[in-house]
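Below you'll find the structure, written out as structure tokens, and then a few comments.
FYI, it's all coordinate maths here, none of it is from the lab. All of these numbers come straight from a predicted model, not from anything done at the bench. A quick note on method: Cβ atoms are made from the backbone with ideal geometry, for glycine too, and the neighbour counts reach across all protein chains shown.
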Amino acid sequence: MSGVLDLWSTALADGVASMREGIFALFDGVVEQVPGASVEGLPGAWVSYVGERLAVEFALVAPDVTLVALTAALTGLAEPSELAVSDAVIEIANMLGGVAKRRLVAADPTLRTGMPKFLYAGAVVPRQTDSLVLEAGTVAGPVLLGAMVSRAADRELAELHP
């Protein structure tokens, strides 16, 4: 696994742990890496983090039924609309991604958060990236957390911070 993905893995696990308690209390299980898994084709939120040295795509995806149940748990809505689901899932992804981003700012102070998007039909993992997929237990069932890092950016970072 690349250095940047190692940082994301730790940061995402920390983010999930911080969301186990408090107002959201959405996560209830352990976070485990799922070798060979992919976030392709599943609906969910995608957020880009781009800087001069790093480019990371982060995804929080799950089957529709899980995303609807997760939204209901967060909002208290018995039957959340598609808009409520996309808003809630994007918000959760932003919170988790923000935790990870704070860990990477030291490596690339120019790192900025892109506009989050919700993809109903899923997405394709970009080529020339190294990826990591974690499974996190939630009150609604498991979700996948994916991070994809540009290989060129990761090599450059390794040269700058051996």
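Based on DSSP H segments of at least four residues, each scored -39500 (n - 2.57), the chain has a per-residue ellipticity at 222 nm of -12500 deg cm²/dmol. Each Cα pair under 8 Å and six or more residues apart adds its sequence gap; the mean of these over the residue count of the chain is a relative contact order of 38 percent. Derived scalar couplings between HN and Hα for the range 109-117 equal x, 8, 4, 10, 8, x, 6, x, 9 Hz in order, rounded to whole Hz, by the Karplus curve 6.51 cos²θ - 1.76 cosθ + 1.60 (θ = phi - 60°), x for Gly and Pro. Toward the positive end of the charge dipole of the range 3-160, with +1 on the Cβ of Lys and Arg and -1 on the Cβ of Asp and Glu, the farthest Cα among V133, T66, A11 is that of A11.
In order along the range 62-69, phi translates into HN-Hα couplings of 5, x, 3, 4, 5, 5, 5, 5 Hz, rounded to whole numbers, per the Karplus curve 6.51 cos²θ - 1.76 cosθ + 1.60 with θ = phi - 60° and x for Gly and Pro. Only the Cβ atoms of Lys and Arg (+1) and of Asp and Glu (-1) were treated as charged; on that basis the dipole of the chain about its Cα centre amounts to roughly 340 debye.
The residue list I92, T110, L77 was ranked by how far each Cα lies along the charge dipole of the chain toward its positive end, using unit charges on Cβ atoms, and T110 comes out on top. Its Kirkwood hydrodynamic radius, worked out from the mean inverse distance over all distinct Cα pairs, puts the chain at 15.7 Å. Maximal additional length on extending the S18-A84 stretch stands at 21.4 nm, based on 0.36 nm per residue less the C-alpha distance.
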